Amino acid sequence: MSSEIHDKPVVLVVQGSASDSEALAGCFRTLDSLGIPYVRRILSAHRTPAEADALFASAEADGVRVIIAAAGLAAHLAGAAASRSLLPVIGIPLAAGTLGGLDALLSTVQMPPGVPVATVGIGEHGAVNAALLAARILALGDPDLRHRLTEHREGQRAKVLAADAGVGRQT
Ligand code: RP5
């Protein structure tokens with residue numbers, strides 16, 4: 001299992017538009033930093049429904065273990081993935097229009113029972129958490145990745161404690 005995870009892409013990241021790239025930078029950076037191989041695609045559930053459907057339908061057979069789908073506005077991409085595949089799907093709602101991402105959040109999170117999407121927060125912070133959530137899922141079968149996740153968490157802790165040490169304390 002462990003070697004399978006290291007040999008080929010195990011995360012499929014699909015974004016609904018090229019315009020979503022900036023918001024997703026942290027997702028890709030986090031996957032890279034944890035050494036998780038991924039495939040990145042740009043497909044839309046509304047503008048390229050046939051291509052998106054084919055991608056999701058074949059993802060598991062292609063070796064993918066977790067799908068991350070990011071879209072803005074009436075975001076249907078994560079739901080489309082979850083309806084076509086039995087893989088765990090993580091949805092990232094993006095702020096792309098006048099509603100600041102609330103539209104995408106509700107479209108992504110309010111799935112009907114039977115078709116689950118694990119929805120993270122709106123935008124770039126959610127994008128980082130999507131990568132970390134995918135990593136936690138994969139780490140269930142990959143002790144090396146679990147170790148890297150532990151180090152990542154320790155790094156976060158050290159950063160906060162260093163910041164705390166750098167400010168004056170009231171006595
Ligand atoms: C969504 O519509 C995309 O995910 C993007 O967030 C938004 C706007 O897309 P573009 O018009 O910039 O291609 O489907």
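The values are calculated or read from the model by the stated rules, or taken from the named source; none is laboratory data. Because the structure is predicted, anything quoted here is derived from the model rather than measured. For neighbour counting, all protein chains shown are included, and Cβ atoms are generated from backbone atoms with ideal geometry for every residue, glycine included. All accessible areas refer to the heavy atoms of the entire protein, side chains included, with ligands and DNA or RNA removed. Shrake-Rupley method; radii C 1.70, N 1.55, O 1.52, S 1.80 Å.
Across the chain, C-alpha contacts under 8 Å between residues 6 or more apart give a mean separation that, scaled by the residue count, equals a relative contact order of 23 percent. Computed about its Cα centre, the charge dipole of the chain is approximately 320 debye, with only Lys, Arg, Asp and Glu carrying charge at their Cβ. Residues whose amide H falls under 5 Å from that of ILE68, counting only those 5 or more places apart or on a different chain, are LEU12, VAL13, VAL14, ILE90, with hydrogens built in the peptide plane. Residues in the chain average 55 Å² of solvent-accessible surface per residue, probe 1.4 Å, ligands and nucleic acids excluded. The calculated 222 nm mean residue ellipticity attributable to helices in the chain amounts to -14500 deg cm²/dmol, summing -39500 (n - 2.57) over DSSP H runs of n ≥ 4 and dividing by all residues.
Could you check how much of the accessible area of the chain is carbon and sulfur, as a whole percent, using a 1.4 Å probe? Here carbon and sulfur together make up 55 percent of the probe-accessible area. What is the local net charge at ALA127, summed over the other residues whose Cβ is closer than 12 Å to its Cβ (Lys, Arg +1; Asp, Glu -1)? Counting the neighbours of ALA127, the net charge comes to -2. For the chain, the fraction of alpha-carbon pairs lying more than 18 Å apart is 60 percent, rounded to a whole number.
Under the combined filter of DSSP loop state and at most 12 neighbouring Cβ atoms within 10 Å, segment 9-73 retains these trypsin sites (Lys or Arg not before Pro): ARG47.
Of all the options ILE67, ILE92, ILE36, the one that moves most in a Gaussian network model of the chain with Cα springs shorter than 10 angstrom is ILE36. Since only LEU149, ALA80, SER21 are under comparison, the one whose Cα sits farthest along the positive direction of the charge dipole of the chain, derived from C-beta charges on Lys, Arg, Asp and Glu, is LEU149. Taking every Cα-Cα distance in segment 102-171 and sorting them into 10 Å bins starting at zero, the pair-distance distribution P(r) comes out as 16, 30, 28, 20, 5, 1 percent. Mind running the shape call on segment 42-143? Use the C-alpha gyration tensor, a ≥ b ≥ c as the square roots of the eigenvalues: rounded below 1.5 for a/c, prolate if a/b tops b/c, oblate otherwise. Here segment 42-143 falls in the oblate category.
Among the chymotrypsin sites (Phe, Trp or Tyr not before Pro) in segment 22-110, none is located in a DSSP loop while being surrounded by at most 12 other Cβ atoms within 10 Å of its own Cβ.
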